[in-house]
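Read the figures in this text as sums done on the coordinates, not as results from a lab. Just so you know, these numbers come straight off a predicted model, no measurement behind them. A quick note on method: Cβ atoms are made from the backbone with ideal geometry, for glycine too, and the neighbour counts reach across all protein chains shown.
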Amino acid sequence: MTSRYVKPTFAILAALALSLAFAARTIAAPAAGLNWEVHGTGSGGVNLLGGGSSGPAMSQYIGNGTYSVNLLPPVLFSNNGAGGVCDVVAGSGSVTAANGDTIAFATVGMLCNESDASSPFHYNGTYRITAGSGRFAGVSGGGSLTVTFGSTNFIKIDETITGL
């Protein structure tokens with residue numbers, strides 16, 4: 001004969017075991033990463049010999065920092081249909097926090113101008129983190145990188161970063 005408390009006790013233990021299993025699985029799940037954006041304005045330029053941009057940048061993880069992007073020379077420009085030209089280019093760059101900690105990255109994307117040889121260039125690419133220092137040591141991630149070149153350059157980095 002079983003006690004009238006056995007069935008309710010088993011139900012409670014089963015519910016407890018299920019909730020502990022769910023909690024353990026949740027804790028063991030990998031981090032999805034943090035959404036990270038960097039916005040900046042700077043100077044520099046780009047032409048058939050390559051080029052880049054650098055200047056002040058702002059993000060929730062770097063404070064008042066700086067950015068730098070350097071693009072390699074284009075190899076073969078093609079007509080972009082709007083009177084300008086485009087080419088795939090690669091490069092590198094970094095974001096430096098106010099305290100000097102850095103994130104370095106590699107980038108590849110399209111470099112195009114608007115209409116003719118004298119019009120401003122735009123870079124639209126992706127990037128991958130290659131190294132970090134200080135509190136960014138060991139971080140990984142990647143995302144999109146856009147730079148609009150002109151009398152003032154504008155940069156926007158959208159990323160998912162893990163390890164921070």
Check your understanding: Let a ≥ b ≥ c be the square roots of the eigenvalues of the Cα gyration tensor of region 79-164; is it rounded (a/c under 1.5), or, if not, prolate (a/b larger than b/c) or oblate?
Key -> prolate
Exercise for review: Post the alpha-carbon centroid distance, region 91-143 to region 145-164, in whole angstrom.
Suggested key: 6
Practice item. Compute the length gained on full extension between residue 124 and residue 41: take 0.36 nm times their separation in residues and subtract their Cα-Cα distance, giving the result in nm to one decimal. Key: 28.3 nm
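Give the order of 116, 158 when sorted by the count of other beta carbons within 10 angstrom, beginning with the fewest.
Details: 116 10, 158 16.
With the fewest neighbours first, 116, 158 line up as 116, 158.
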Check your understanding: Tell me, what ³J(HN,Hα) does each residue in region 98-103 have, in order and in whole Hz, if you take phi through Karplus 6.51 cos²θ - 1.76 cosθ + 1.60 with θ = phi - 60° and put x for Gly and Pro?
Key -> 4, 8, x, 5, 10, 10
Review point. Cβ under 13 Å from residue 142's Cβ, residue 142 left aside: what net charge do those residues give with Lys, Arg +1 and Asp, Glu -1?
Key: -1
Check your understanding: Got a sec? How would 101, 87 order by Cβ neighbour count within 10 Å, fewest to most?
Key -> 87, 101
